[in-house]
Amino acid sequence: MSKLKTMLIRKRVLLPLFVIVLLLVLFNTRWMGLVYPIQYKDEIRAHAAAYQVDPFLIASIIRVETNYQPSMESKKGALGLMQLMPDTAKWAMEKAHLSDVTLDSVKHDVDPNIELGTWYINNLMQQFGGNKIAVIAAYNAGPGNVKSWIKSGKWDGTLEDAKDIPYGETRHYVQRVLYYYKQYTKLYDEF
């Protein structure tokens, strides 16, 4: 009986210690970085600095759009890593004076896609007065739709009222981008 009692006491002590050690290992930021990696850091960092956009926002949008898989084309025709619609990409190339960028390079090449997507996010930031939530929604649903929602009072452009975003896809998109944004800013001290 004494041996059994001793063994049970050891299990009661060792099991919680094992669980604590396991949790410490799993929630160590190095391990979490494997779950939430950021690829193409140099390109994101360079274009974020050039266009004064938060690099974590760019990384979060890329994560939600394609999970860092280049050369993607959506069912709706969105191109590349940041899933830019062809008409939006052509308009942005003209406005940003990026004459050396083509739709083919936007689809297949990481650097021009990130540059154009970052320029577009900067443009949306200007259109929405720096309102990050409205910018994320506009990146998904288009700035015209988001302006219309805000103007008509359907949505006020805030996270607190994101449940009022008329498009379910856009509501979910905003939540997902913000989720990754929160994870990235928690895990990575700097970009």
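Return the total of residues in segment 97-122 being of a type in the set (A, V, I, L, M), farther than 15 Å from Asp42 by Cβ and touching a Phe, Trp or Tyr at 6+ places or on another chain (Cβ under 9 Å). Talk me through it step by step, then tell me what you get.
In the first step, residues of segment 97-122 are kept if they are of a type in the set (A, V, I, L, M); the result is 98, 101, 103, 106, 110, 114, 116, 121.
Filter once more, so that each one left must be farther than 15 Å from Asp42 by Cβ: 98, 101, 103, 106, 116, 121.
After this cut, where a residue has to be touching a Phe, Trp or Tyr at 6+ places or on another chain (Cβ under 9 Å) as well, the list is 98, 121.
Number of matching residues: 2.
Mind listing just one residue for me: the one in segment 122-153 that is of a type in the set (Gly, Ala, Ser) and outside any loop (DSSP other than H, G, I, E, B) and, of those, farthest from the chain's Cα centre (by Cα)?
That would be Ser152.
Quick one: which residue in Ser71, Ser99, Ser152 is in contact (Cβ under 8 Å) with a residue 12 or more places away in the chain and more than 22 Å from Gln183 (Cβ to Cβ)? It would help to see each step written out before you state the result.
Working: Ser99 fails: in contact (Cβ under 8 Å) with a residue 12 or more places away in the chain; Ser152 fails: in contact (Cβ under 8 Å) with a residue 12 or more places away in the chain.
Answer to the selection: Ser71.
Rule-based calculations on the coordinates, nothing more; no lab input. All values reported here derive from a predicted model rather than from experimental measurement. When we count neighbours, we look across all protein chains shown, and the Cβ atoms used for this are built from the backbone with ideal geometry, even at glycine.
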